[in-house]
Amino acid sequence: MNKKFKIIKQILIGIFSVSFIKDIVYTFAFYLLNRVYGLVKVHKGKNVKIRPYTMLRDPERIYIGDNSTIGAYNVLWAGKEKAVIKIGKNVMTGPYVKIFAFNHGIELSDTPMIEQPVVEKDVIIGNDVWIGAGAIILPGCKIGDGVVIAAGAVVTKDIPSNVIVGGIPAKIIKKRA
């Protein structure tokens, strides 16, 4: 019985520790900022579905067209000041898709990278696009209508309409027939 009491005591001490309480507060604040605030501020068309655990950063610069579905665990991160993410109508994303409209500066200088200015570029996604699980779309990419982006692809440049792309970096695999 003494061993069980010690285990219960250790669990209770862990639960009520300062670091545990701090983690709970941080997690709740992160959820409020990245989910609740994002869902309120994002510009949504009709019949838009945003699955659980999706992170919407700088949501006032994110636009999602009618009948689109954003998969679970997606990250949509618009520019810090001006760059937007525009997603067309009838777009669907798989889980763990990441779309960024900004990047940190990487110029070689005396200024550390973390202090360099961010580079912002709009991301525009056309209508009737399917973005496979785990795909990443980087700043400045324009994706045409009817595009399929394979799971795990990294899109680094513009994609014309009605093609299937895949790979790192994403390349055209074939035209859709």
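Per-structure values
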quantity: Dipole of region 52-177, positive end: most advanced residue of TYR73, PRO112, ALA135 [Cβ charges, Cα centre]; calculated: ALA135
quantity: Spatial separation of Cα centroids for region 105-166 and region 7-43, in angstrom; calculated: 31 Å
quantity: Accessible surface of GLU120 - all protein chains present, 1.4 Å probe, nearest 10 Å²; calculated: 40 Å²
quantity: DSSP bridge orientation in region 1-154 - percent antiparallel, rounded to nearest 5; calculated: 10 percent
quantity: Computed [θ] at 222 nm, deg cm²/dmol, the chain (DSSP H ≥ 4; -39,500 (n - 2.57); rounded to nearest 500); calculated: -5500 deg cm²/dmol
quantity: Estimated D of region 124-177 in µm² per second, where Rh is the Kirkwood radius over Cα pairs and Stokes-Einstein applies at 20 °C, 1.002 mPa s; calculated: 205 µm²/s
quantity: ILE173 accessible area, assembled protein chains, probe 1.4 Å, Å²; calculated: 110 Å²
quantity: Farthest toward positive dipole pole in the chain [+1 Lys/Arg, -1 Asp/Glu at C-beta], among VAL123, ILE64, VAL155; calculated: ILE64
quantity: With Cα atoms, 0 to 90° folded angle of helix 2-15 axis to the chain main axis; calculated: 50 degrees
quantity: Residue-normalised accessible area of the chain, given per residue in Å² at a 1.4 Å probe; calculated: 62 Å²
quantity: Nonlocal Lys pairs with alpha-carbon distance under 13 Å, region 17-151 (8 or more apart, or different chains); calculated: 9
quantity: Surface accessible to a 1.4 Å probe, THR156 within the full protein complex, Å²; calculated: 70 Å²
quantity: Cα convex hull of region 1-128 - mean projected area over all directions, nm²; calculated: 12.2 nm²
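The values are calculated or read from the model by the stated rules, or taken from the named source; none is laboratory data. Fair warning: this is a prediction, and the values are worked out from it, not measured in the lab. Counting neighbours? That spans all protein chains shown, and the Cβs are built from the backbone with ideal geometry, glycine included. Only protein heavy atoms, including side chains, enter the accessible area calculation; ligands, DNA and RNA are left aside. Shrake-Rupley method; radii C 1.70, N 1.55, O 1.52, S 1.80 Å.
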